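Report on one structure; see the data block that follows.
The values are calculated or read from the model by the stated rules, or taken from the named source; none is laboratory data. Predicted model, so just to flag it, every value in this text is computed and none were measured. When we count neighbours, we look across all protein chains shown, and the Cβ atoms used for this are built from the backbone with ideal geometry, even at glycine. For the accessible areas, the whole protein counts, side chains as well, though only heavy atoms, and no ligand, DNA or RNA atoms are used. Shrake-Rupley method; radii C 1.70, N 1.55, O 1.52, S 1.80 Å.
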Amino acid sequence: LDDRALAGRHVVVSAGGTREPLDPVRFLGNRSSGRQGVALAKAALERGARVTLVAGPIEVPPPDGADVVRVESALQMREAMTVAAKDADVVVMAAAVADFRPAQVAEHKIKKSADADDAPVVTLVRNPDILAGLVASRRAGQVVVGFAAETGDETGSALRHATAKLARKGCDLLVLNDVAAGKVFGKDDTEVTLLSADGTVTPVPAGTKETVAGAIWEAVVPLLVP
Ligand code: C5P
């Protein structure tokens, strides 16, 4: 561990899932624990970076020393990431952002009617792709890292899907989680493959999210402008 590898750098990491409000008391959420994002923030601090952690709901405490910005919805996360990314050297989108949100947020708690069979229909709309937006507005030299949870299917392997996603999103590094075996969410151990924009594919041995976070920073550091 080179404890100065990120000295003088501002690193921004998103972590956790998002909560998409339906009314003042309800939301649509997901099972992201925030462990990988928090591990990345901690590992960046250990390498000397100034760290901003933009956190949706997370099941683990944020590391001491990080500036923590709490958010709930994808729209709030986009706002916080856009602000934090302005002077960042590295931006990592480790959060599990909801793809959709309810089209309307009811001002008051949605009530059930007297008719026992009656139930509301929730219409969803697409959320913005925060990562793609960060890539589009990044400053010169800023390194942008994305995550992808993929499974292989009849149209191709997880690696093939991830390669296409890296090109589509335009990030510098994509961290591929092959989720076929039902691993990853909420677990302590993980196994990833790193894909660089230059075509390099680096399998990372299975390990804790902390170990994997170290491997991700090792791949990021050479991409930084001196
Ligand atoms: O397209 P997909 O959801 O697989 O892409 C995953 C990557 O994109 C992750 O880095 C995730 O944080 C980011 N993402 C985002 N905004 C969304 C959906 C995903 O930034 N609305």
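Within the accessible area of the chain, the carbon and sulfur atoms contribute 52%, probe 1.4 Å, all protein chains present. Classify the range 83-157: rounded, prolate or oblate, from the alpha-carbon gyration tensor (a ≥ b ≥ c, eigenvalue square roots; a/c under 1.5 rounded; otherwise prolate if a/b is larger than b/c)? Judged from the Cα gyration tensor, the range 83-157 comes out oblate (a/c at least 1.5, b/c at or above a/b). When the trypsin sites (Lys or Arg not before Pro) in the range 33-135 are filtered for DSSP coil states and for at most 13 other beta-carbon atoms within 10 Å of their beta-carbon, the remaining sites are Lys86, Lys109, Lys111, Lys112. In the chain, taking the dipole from charged Cβ atoms about the Cα centre, the farthest positive-side position among Leu176, Gln142, Gly152 is held by Gln142.
Quickly estimate the mean residue ellipticity at 222 nm for the chain, helices only: each DSSP H run with n ≥ 4 gives -39500 (n - 2.57), and the total goes over all residues, rounded to 500. Taken over the chain, the calculation gives -7500 deg cm²/dmol.
Axis of helix 74-85 versus longest Cα principal axis of the chain: the two differ by about 30°, to the nearest ten degrees. For the residue pairs Lys86/Lys209; Lys86/Lys169; Lys165/Lys209, the C-alpha atoms sit more than 24 angstrom apart in Lys86/Lys209.
Considering only DSSP beta bridges with both partners in the chain, what is the antiparallel share in %, to the nearest 5? The answer is about 40 percent antiparallel.
Sorted largest first by accessible area at a 1.4 angstrom probe radius, with every protein chain in place, the residues Leu224, Leu75, Leu1 fall in the order Leu1, Leu75, Leu224.
The residues of the range 1-66 present an accessible area of 42 Å² per residue when probed at 1.4 Å with all protein chains retained. Qualifying GluC sites (Glu not before Pro) in the range 119-226, where qualification requires a DSSP coil assignment and no more than 16 other C-beta atoms within 10 Å, comprise Glu154, Glu191. For the chain, the Cβ-based charge dipole about the Cα centre amounts to some 420 debye (Lys, Arg positive; Asp, Glu negative; other atoms uncharged).
When the trypsin sites (Lys or Arg not before Pro) in the range 128-167 are filtered for DSSP coil states and for at most 14 other beta-carbon atoms within 10 Å of their beta-carbon, the remaining sites are Arg139. Thr155 contributes about 80 Å² of solvent-accessible surface, heavy atoms of the protein only, 1.4 Å probe.
Taking all protein chains as they are arranged and a probe of 1.4 Å, the heavy atoms of His108 leave approximately 130 Å² accessible to solvent.
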